[in-house]
Amino acid sequence: MAGLRVRRNFRDLQDEYDKGNRKPLETLIRAFQGIQELPPHDQKSFFSLAGLHGEPFRGAGWGNASWWGGYCNHGNVLFPTWHRAYCFALESALQSIPGCEDVTLPYWNEIEEATLERGIPEVFLKKKWTFEDGGVIDNPLYSYKFQKKITDNLNPFPDADYSKGYGYETCRYPYSGLVGPADIKKTEEHNAKINELGDDKVNEIFNENVQSWLLHTDIDGVKGRGGVLQKFFDCLNAPNYTVFSNTTSATQWNDDHFNVGEPTSDTVSPHVVPLESPHNDIHLAVGGYEIGDANFDGEYPGANGDMGENDTAGFDPVFYFHHCFIDAMFWQWQKKHGEIKQLNVIPEYPGTNSVDNQGPTPGTPGGTWLSLDTPLDPFKLPGTNKTMTSKDVIDIETQLGYTYSPIKGLPHSLDDVPATGHPDHVLRISGINRGLIPGSFILSAWTTENGKERLIGFHSTLSRWHVQGCANCQSHLLVTTFVRLHGLTEDQASKVKVKLHTRDNRKGSTGPEGQKPIHHIVGHLLGGD
């Protein structure tokens, strides 16, 4: 690692601070303060960089829902590489602040024991920050206050206006950030009730929600086997970059390898979990969705945090620490599979076209095939006017000059997870048109034991509010996913019930007419992998 910048576990910086070495964490906070104070038109400002992901929309997507107005790539093979370039650009901006030239972007380790036991590092929950010299500032890792308004020009939903006025402050679960004309009164009432709970209680509620997503399920005495923690482990076994990289490609791979449409086989089949899947889950956990039990009615149904939709996720400072961890897991997969020098994309496979999932990004024509040579707009190679491509960001050590500290919490082998004693069945869920659902949503699988429902697994879709109007992606609006039924017998698996959870129906239902999840067993895996 000599000469390389090391992106460290954020909690290690916090632990060092608590033990007296305050400079690393304070420098990071000064760097974030610095870019948040830059004028919004400055390309290194937080406002400018945060706005690259989604709103404020530009290009054809500014006022036409047929296009995606943000530069981010989701549901296609550019998801890991585009966000790698994005974090690199944010880190470079942090290093441009005087006195912060050596700062690196730490990662929020979402699988280590400290996160599973306590939630997010506490620094992210402090509204104020006091420096060692006594100076007090608004904590730039807690939130961002808009220096300039953004206008949602696509809003067809009176209760889903993602316009943000000057001075708007980003928020997380259990708060609401919907402040459009039709929402503002309801949001103010909701947030006032949350404030009455006090900061300590609000932070406890937030952390409990994150922990619930990671570990909610308890199958055969193993907590988290159907939760986000398990998905992070499983994604490292994806057999190639194409299916590892995104949900669209992984779904097709699972369809192909489970012989969907044919009788269920006794042959053990691979179940691919893409990196994008647990990534989506954490967005929803931070941004205002709950994973509850059968009696859960949505404890805070008005929660609408910024991380919960692609439109505004980039404005929450925690976004970058989350994506730094996603990038670290990407690098972990590369090392495990020997792909640190090159990646391979399956040509013309689902997930390799600009219309897949979200719709074309600014400057990209509809129907464009995506490859490692596709420009990662708007990012430039340092010191040049050449737009980055995925080929420029494959090897983080030799091409980008950074590496990662070891990731605590990774199992030495998935064999460390106790076997269930029988194969795990796999459930295929389909029949949901995301174009009819404004914003993100969850599909969950339940079994009934002793008269009580028990959550077995779930799939979250991180979406955009205005996907219904996306003419360029109309043929890609049907959601299909695969959920592993950890520990269920064949009889139990045959009785699984599937629910759809949306902003308007937190508890979930088996689906209204036209939006009823269709599910069936398509194969099985060896228990415990």
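The values are calculated or read from the model by the stated rules, or taken from the named source; none is laboratory data. A quick note: this is a predicted structure, and the numbers were derived from the prediction, not measured. Glycine gets a Cβ as well: all are built from the backbone with ideal geometry, and neighbour counts include every protein chain shown.
Summary table below
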item	result
Residue satisfying condition, being in contact with a strand residue (DSSP E or B) (Cβ under 7 Å, 6 or more places away or on another chain), closer than 27 Å to L28 by Cα and at pLDDT below 95, within set K145, K149	K149
Close pairs (9 angstrom Cβ cut-off, 6 or more residues apart or separate chains): in a loop (DSSP other than H, G, I, E, B) and modelled with pLDDT of 95 or more in the range 168-190, of a type in the set (K, R) and buried (at least 21 other Cβ atoms within 10 Å of the Cβ) anywhere	T170/K164
Any hit, the range 81-97, residues being touching a Lys or Arg at 6+ places or on another chain (Cβ under 8 Å), surrounded by 24 or more Cβ atoms within 10 Å (Cβ to Cβ), under 30 Å from Q342 (Cβ atoms) and among the hydrophobic types (A, V, I, L, M, F, W, C)	no
Unique residue being in contact with an Asp or Glu (Cβ under 6 Å, 6 or more places away or on another chain) and at pLDDT 95 or above when the list is T352, T389, T374	T389
Of all residues in the range 367-388 being of a type outside the set (A, V, I, L, M, F, W, C), in contact with a Pro (Cβ under 9 Å, 6 or more places away or on another chain) and crowded, with 16+ Cβ neighbours inside 10 Å, the one that is nearest to P80 (Cα to Cα)	D377
Checklist (1) crowded, with 19+ Cβ neighbours inside 10 Å; (2) farther than 15 Å from V243 by Cα applied to D356, failing item	(2)
Residue tally, condition touching a strand residue (DSSP E or B) at 6+ places or on another chain (Cβ under 6 Å) and more than 22 Å from G54 (Cβ to Cβ), over the range 370-388	2
Sole exception among (1) touching a His at 6+ places or on another chain (Cβ under 7 Å); (2) in a strand (DSSP E or B) for W129, by number	(1)
Residue, farthest from P406 (Cα to Cα), within the range 98-120, restricted to residues that are of a type in the set (V, I, T) and within 17 Å of the chain's Cα centre (by Cα)	I120
Criterion (over 21 Å from the mean Cα position of the chain (by Cα) and under 19 Å from L343 (Cβ atoms)) met by exactly one of K391, K380	K391
Of the criteria (1) in contact with a helix residue (DSSP H, G or I) (Cβ under 6 Å, 6 or more places away or on another chain); (2) at pLDDT below 95; (3) of a type outside the set (V, I, T), which one S277 fails	(2)
Single unsatisfied condition, L214 versus (1) assigned to a loop (DSSP other than H, G, I, E, B); (2) modelled with pLDDT under 95	(1)
Residue satisfying all of: in the range 418-456; at positive phi and among the small types (G, A, S); modelled with the lowest pLDDT among these	G421
